[in-house]
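Contents: one structure, followed by commentary.
The values are calculated or read from the model by the stated rules, or taken from the named source; none is laboratory data. Predicted model only: the values in this text are computed from it and were never measured. No Cβ is skipped: glycine too gets one built from the backbone with ideal geometry, and neighbour counts run over all protein chains shown.
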Amino acid sequence: MATSTSVIPNSVIPTTVNPDLQKERDAASFNSEEFAAWWAGGEEVLKFNRGVRKYMEKDIDFSEMLQLQNKTHEEIIESSTRGAIDGAKKLRRLQEERNPGGDDYWPNMYESQVMWGLVPGGNPFGVMYVMLVKALQAQCTPEQYAEFGKRLERFEICGTYAQTELGHGTYLRGLETRADFDRETDEFVLNTPKISSYKWWPGGLGHSSNHCLVMAQLYIDNKCKGPHMFFIQVRDEETHEPLPGVHIGDIGKKMGFIGVNNGFLGLKNVRIPRTRMLMRHAQVKADGSYVSSPINVLTYFAMVRTRCVISKSNAVMLAAAATIATRYSAVRRQSPINPNEREPQIIDHVTQQMKLFPEIATSVAYRQASNYLWNLYDVTIKDIENGKYERLPELHSLSCALKVTCSTDSTTGVEKLRLACGGHGYLTSSNMSNIYVAATAACTYEGENTVLLLQIGRFLMKTWRAALTGAPLPPTVRYLAEVQKNPEFGSWTGSWENMVKAMQYAAANRTRLAFKSFSNRLSRGETEANAANHTGIEFTQAAELHGRAFVFSAFTEVVTGPKSKTRSANFNRVLENLLELYLVKETLNQMGHLLRFINLTDTDLTRLQDRLETVLTKLRPDAVAIVDGFDFSDLQLNSTLGSYDGNAYERIFDAALKNPMNQKSVPKSFHEVLKPFMKSNI
């Protein structure tokens, strides 16, 4: 390691790579560039992403980004706004220079990973492009989108998607904001009748939006037609002052997304033209007649897309945390394994490998599963455009399942990885805390996870009933019908295909038991709602296993399927080791469910434990090269522990030297508080 100095007022970061980290890269069994290209979706995509990232990160002060936690709430919002707008300007310039009239740079890249380094506190305009623009594209008539959707797309106005209320979140039918149709003026009148009706949490709503897509209960002649979307202006476009009847502001500091400016919104007799209700599907005519949507879920389709986004982004967050912890574990030496030898790299401790490698494998598994989900989303969008809605229930259920399992596992995984960094992982400059609070937020936004599991459970009940009648099932739940036809599992062999079958078998039997309990309650006279409530625990168990069975199947197909022939043998071995680790560790984690339905012996369990330890050993030489293949820049990781050069101690020290608290040798509190107290007799 480079020579360190006890106290130097300037930067102490060497320009060389830590030799232990370089040794890891040199000893890898495969080319991490091949991994990076595969992870990105191809060599051309990787080249494109790197080019955009290099352009975006030019002239960004890395050390300044590390000081984010030392800023006030207002300073953080201002910094995030500047970073977000700088990013928009750069992407627009790239679009104009490289592909005028296209959208591959702007706005498509604005919601991508290339923005991470510019807005480490979160993008206050992220919801505008992740949800709002997409919702308008899906829900507006062509005339409506030309009127105000295009203005948002061009960033002539700024807005957010306001659905959640102070008193209601996932249960949309309970929303209290109301929009009453006034025939005489051809307008809707919007109100939030009480405090619990206030819109609460929308990203960018506080002070970063002048327009808003509001989900409100539609009333015609005082009769409720259910939740619908209304596009309203909330601030003056020139002065940015709130409009009459609009009460708007920031909800205050949060655990994470500290730069996103989440806000509240109250409305009192705010009038908008009738044509500001999104009417691609449901419509209100000038005479007050109502035309319902062909299928209700279309109203909530923006949430389905956002859950697809969450699944992928949380997999990437876990990969980022794994990169930081793995690189740090390669450069930190501690606790001799053999007393007479040098302290080893902590990555040589098997217990440390058990903290690191399963999370690497999990991030890869979820990324591949989310790719399947996105493909299903794209196909479903095309179906909807052609008036076909058959895939919607499967997409909704699968997006919920993957959102739940990915957010849950990434949250616990990031925390394990933080602990793997020891005390230094507790520093905000490690960025582990920021990644953790971003990951765990996904457990509650866009549908609280338990509520989503219950929705999946109800879908599984309908699907199980349909399978009993012989009706055709969507691809991701066909295993339910297969288990009904062949109720015996057969022999446990422990092959990958056998483990996939075992997880599906456990999920199917959990579904069967939940269906039996649900049906028994109905036969005893309980209402369907009460029966579902009382069977809720079993619903959630079946739903979670269904999600995990899907990840098992999707990851196995990616690694062992036809595309494996396009990869090098060395790279395939790495992917096979990651698949082996993921399947084995998750099978062991779910053993309580599996043993209820499948006959495994003590010898079988011992073999699984042996396989776990063996694959850790196989992955050890390749761990650093794998996380290098995730292809994060130092600015994206924003971590003193996880930089590419591995100079963790120097970067920790450098960040401490630049801490505002250390710019004065004596704090003001010493003279004003501490010294007077010590000199007094009190």
#### Entry: Qualifying residue in region 494-508 (condition: β-branched (Val, Ile, Thr), surrounded by fewer than 16 Cβ atoms within 10 Å (Cβ to Cβ) and farther than 27 Å from Gly169 by Cα)
no
## Note on the structure
When (1) among the charged types (D, E, K, R); (2) surrounded by 19 or more Cβ atoms within 10 Å (Cβ to Cβ); (3) in a helix (DSSP H, G or I) are applied to Asp645, the one that fails is (3)
#### Entry: Those residues of region 412-432 which are of a type outside the set (Asp, Glu), under 16 Å from the mean Cα position of the chain (by Cα) and surrounded by fewer than 21 Cβ atoms within 10 Å (Cβ to Cβ), in sequence order
Thr412
### Task
Would you check if there is a residue in region 391-400 being buried (at least 19 other Cβ atoms within 10 Å of the Cβ), touching a residue at least 24 places away in the same chain (Cβ under 8 Å), under 30 Å from His546 (Cβ atoms) and more than 20 Å from the chain's Cα centre (by Cα)?
yes
### Task
Answer with yes or no whether Gly117 is in a loop (DSSP other than H, G, I, E, B), of a type outside the set (A, V, I, L, M), touching a Leu at 6+ places or on another chain (Cβ under 6 Å) and within 19 Å of His207 (Cα to Cα).
no
### Within region 62-96, considering residues that are free of Cβ contacts under 8 Å to residues at least 12 places away in the same chain and under 12 Å from Pro120 (Cβ atoms), the one surrounded by the fewest Cβ atoms within 10 Å (Cβ to Cβ)
Glu64
### Query
Does Thr411 qualify as being part of a helix (DSSP H, G or I), under 27 Å from Ile295 (Cβ atoms) and in the same structural domain as Val331 (by TED's automatic domain parsing)?
no
### Task
Say whether the condition of being closer than 26 Å to Val559 by Cβ, among the β-branched types (Val, Ile, Thr) and not in a loop (DSSP other than H, G, I, E, B) is met by at least one residue in region 504-516.
no
### Task
Check Thr463, Thr440 and return the single one that is farther than 30 Å from Gly203 by Cα, of a type in the set (Val, Ile, Thr) and modelled with pLDDT of 95 or more.
Thr463
### Every residue from region 228-243 that is without any contact (Cβ under 8 Å) to a residue 12 or more places away in the chain and surrounded by fewer than 14 Cβ atoms within 10 Å (Cβ to Cβ)
Glu238, Thr239, Glu241
### Query
Do the conditions hold for Ile384, that is, is it in the same structural domain as Leu616 (by TED's automatic domain parsing) and either at pLDDT 95 or above or not in a helix (DSSP H, G or I) (or both)?
no
### Message
I'd like to know if region 374-381 contains one or more residues that are assigned by TED's automatic domain parsing to the domain that holds Val316 and in contact with an Asp or Glu (Cβ under 7 Å, 6 or more places away or on another chain).
### Response
no
### Message
I need a count of the residues in region 249-266 that are under 29 Å from Tyr145 (Cβ atoms), under 28 Å from the mean Cα position of the chain (by Cα) and surrounded by fewer than 23 Cβ atoms within 10 Å (Cβ to Cβ).
### Response
2
### Message
Conditions first: (1) more than 30 Å from Gly422 (Cβ to Cβ); (2) surrounded by fewer than 21 Cβ atoms within 10 Å (Cβ to Cβ). Val304 passes all but one, so which condition is the exception?
### Response
(2)
### Task
Could you please let me know if Glu153 is free of Cβ contacts under 8 Å to residues at least 40 places away in the same chain and of a type in the set (D, E, K, R)?
no
### Message
Please go through region 1-28 and give me each residue that is at pLDDT 95 or above and surrounded by 14 or more Cβ atoms within 10 Å (Cβ to Cβ), ordered by number.
### Response
Val17, Asn18, Asp20, Leu21, Gln22, Glu24, Arg25, Ala28
### Task
Would you tally the residues in region 360-380 being buried (at least 24 other Cβ atoms within 10 Å of the Cβ) and either of a type in the set (Val, Ile, Thr) or over 15 Å from the mean Cα position of the chain (by Cα) (or both)?
4
### Query
Any idea which of (1) surrounded by 16 or more Cβ atoms within 10 Å (Cβ to Cβ); (2) in a helix (DSSP H, G or I) is the one Phe632 doesn't satisfy?
(2)
### Query
What are the residues in region 165-193 that are outside any strand (DSSP E or B) and either of a type in the set (Gly, Ala, Ser) or within 16 Å of Val234 (Cβ to Cβ) (or both), if any?
Gly167, Gly169, Gly174, Thr177, Thr192
### Query
Do we find a residue being outside any helix (DSSP H, G or I) and surrounded by 23 or more Cβ atoms within 10 Å (Cβ to Cβ) anywhere in region 278-289?
yes
## Note on the structure
Over region 194-227, the set of residues outside any loop (DSSP other than H, G, I, E, B), of a type in the set (D, E, K, R) and either touching a Cys at 6+ places or on another chain (Cβ under 7 Å) or in contact (Cβ under 8 Å) with a residue 60 or more places away in the chain (or both) is Lys199, Lys225
